[in-house]
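Just below is one structure, and these are the notes that go with it.
Taken together, the values in this text are just the output of simple stated rules run on the coordinates, not laboratory data. Because the structure is a prediction, the values reported are computed rather than measured. Glycine also receives a Cβ, built like all others from the backbone with ideal geometry; neighbour counts cover every protein chain displayed.
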Amino acid sequence: MANDFVACDTIRSDFSAAMSAMYRMEVPAYGILMKLVASVNEEALSTDPQMRERLSATGSLDRISQERHGAIRLGTPEELSTMRRVFAVMGMHPVGYYDLSTAGVPVHSTAFRPVSDASLKINPFRVFTSLLRLDLIKDEALREEAAEVVSKRKIFSVGALELVEKAEREGGLDSRDARRFVQEVLQTFRWHDKAIVNAEMYERLHEAHRLVADVVSFKGPHINHLTPRTLDIDSVQQRMPEEGIAPKAVVEGPPTRQCPILLRQTSFKALEEAVSFREADGRWWSGSHTARFGEIEQRGIALTPKGRALYDRLLNETREHCRPAADGSNATEYEAALAEVFKAFPDDWNSIREQGLGYFSYSLTEEGKSSTGIGTDLEAAVDAGLVRFDPIVYEDFLPVSAAGIFQSNLGDDATQEFVASPNQKMFERDLGAPVLDEFAHYAGMMKASIDRCVRNSGIGVAAE
Ligand code: OOG
Ligand code: NI
């Protein structure tokens, strides 16, 4: 009976909490980072009452400390399409296509995340999910061997698969099944220190690309990082060393601004972890593997295609002047260049709105709610204080930043060139579904907010 089903949003929240607890046990530095982020967020909220007010008015204050994203890398189309069905049970759907081949990483990706405003408010947990592209690996023999290894592994437990099928068949899971589902699915993301290849093969995979070794050598797609959201990334970046955590050289994405746009991210270096490889004679050989790290992010407004084009142009321009070196030697110079070039991007909400660079959510103010028949013009209603606008948070990712995050954890010598070969069609075929277009989605959210103002007040606005 439909009434007995646990809401997808609840399953996602429980899963996100369980994953966070597991990762904290597995990677203690993540726990330290969580604490640092919590105290920086508390400080940011107490020194900036306007920020607190805005977050509280839009109902997003509570989600901040719960919020995080993770990332996994899969090996086969079948793993990807099953993962889609698993995430669907938690109300997470594929949004966006990211081609990372241009940046020297042989994967393409999507982000599984909740899409409706209501679900995002309950818990915005997202998982950046990459599929390995063995087709980009030159060594044909190795490619075949690697494909064979991943085709044989089973990354989902029998229990997880049964529960996914049950949820699909019956339309949901009751509380007992939902609890089991969270525990069963969690197993897929666990770290395994026993490789499924021998040391010699690991070396060859590693030689082809470190990421290939990470995907192919293990029993499952261990979660490789979890990322809490901070309200002040510069402060966390600066304070990480005090907590004994070494951050990457520069923060990825836009510079520090009054009005945050898109996404800024930084991470700490991946840990070198002990693993063992099974040899032909059955003995275990000890070695090490570096994959798992920690990351933090600060989220800003979602940009329209026009705003995004401006962002991309300014980022490219900065990188033409100065490319951030992995060792941090030119970090100050890069940050100065970034800040200078981004002066061309308006830094107050109203200009961003008027120039059509960002997506906003409109709502009636108290005054707007109590007045009736207040005109036909949205702008006039905004000017008259009847309607307020708040930036819509960017819930997605940035390919250049993602590449920077991948690279900082692959080591400086790992940069490789691949021919750019985005292939969204192939990705969607492997996924078994189309990905949602994020721009259309944000535009839809903005329009719905305007429609709500119109419905609830009688402002006859013609929304595009
Ligand atoms: C994913 C890197 C992308 C982000 O925050 O941009 C990402 C990975 O390393 O698997 O998580
Ligand atoms: Ni990330």
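R0 = 45 Å: FRET efficiency of residue 193 with residue 355, Cβ-based, nearest 0.05?
E between residue 193 and residue 355, to the nearest 0.05, is 0.30.
Using a Cα-Cα cut-off of under 23 Å, which lysines could be cross-linked to residue 35, ignoring same-chain neighbours fewer than 8 residues away?
Output for residue 35: 121, 248, 269.
Please list, ordered by chain and number, the residues whose modelled amide H lies under 5 Å from the amide H of residue 261; skip anything fewer than 5 residues away on the same chain.
Sorted by chain and number, the residues that satisfy this are 301.
If you add up the charges near residue 205, with Lys and Arg at +1 and Asp and Glu at -1, over every other residue whose beta carbon is less than 11 angstrom from its beta carbon, what do you get?
-3
What net charge is computed for the residues neighbouring residue 297, neighbours being all others with C-beta under 10 Å from the C-beta of residue 297, Lys and Arg scored +1, Asp and Glu -1?
Result for the neighbourhood of residue 297: +1.
How do 349, 284 rank when sorted from fewest to most other Cβ atoms within 10 Å of their own Cβ?
The most exposed by this proxy come first: 284, 349.
With angles folded into 0 to 90 degrees, how steeply does helix 158-170 sit against the dominant principal axis of the chain? Use alpha carbons for both and round to 10.
In the chain, helix 158-170 runs at an angle near 40 degrees to the longest axis.
I need to check one value: relative contact order of region 212-290, counting alpha carbon pairs closer than 8 Å and at least 6 residues apart, in percent.
19
Which whole-angstrom value gives the distance between the alpha carbon centres of region 37-97 and region 129-207?
Between the Cα centre of region 37-97 and that of region 129-207, the gap is 23 Å.
Taking the dipole about the Cα centre of region 303-348, with the C-beta of Lys and Arg at +1 and of Asp and Glu at -1, give me whichever of 339, 310, 329 is farthest to the positive side.
In region 303-348, that residue is 310.
In terms of the Cα gyration tensor, with a ≥ b ≥ c the square roots of its eigenvalues, is the chain rounded because a/c is under 1.5, prolate because a/b exceeds b/c, or oblate?
Here the chain falls in the prolate category.
For residue 152, which aspartates and glutamates qualify as cross-link partners when the Cα separation must be under 17 Å and same-chain residues fewer than eight apart are set aside?
List returned: 78, 79, 144, 214.
Would you order 138, 194 from fewest to most other beta-carbon atoms within 10 Å of each residue's own beta-carbon?
Ascending Cβ contact count within 10 Å gives the list 138, 194.
Which whole-Hz ³J(HN,Hα) couplings does region 114-129 yield from phi under the Karplus relation 6.51 cos²θ - 1.76 cosθ + 1.60, θ = phi - 60°, glycine and proline marked x?
Whole-Hz 3J(HN,Hα) from phi for region 114-129: x, 10, 7, 4, 4, 5, 4, 5, 5, 6, x, 3, 10, 10, 6, 10.
Using Cα pairs closer than 8 Å and at least 6 residues apart in sequence, work out the relative contact order for region 69-147, in percent.
Here the relative contact order equals 34 percent.
5 Å is the cut-off here: which amide hydrogens, built 1.01 Å from N in the peptide plane, fall below it relative to residue 360, excluding neighbours closer than 5 in sequence?
392
Among the listed pairs 306/425; 138/219; 138/194; 306/343, give every one whose C-alpha distance is greater than 19 Å.
Over 19 Å Cα-Cα: 306/425; 138/219; 138/194.
What is the chain's relative contact order, in percent, from Cα pairs under 8 angstrom and six or more apart in sequence?
19
Arrange the peptides 108-114, 255-261 so that the one whose residues have, on average, the most other Cβ atoms within 10 Å appears first.
108-114, 255-261
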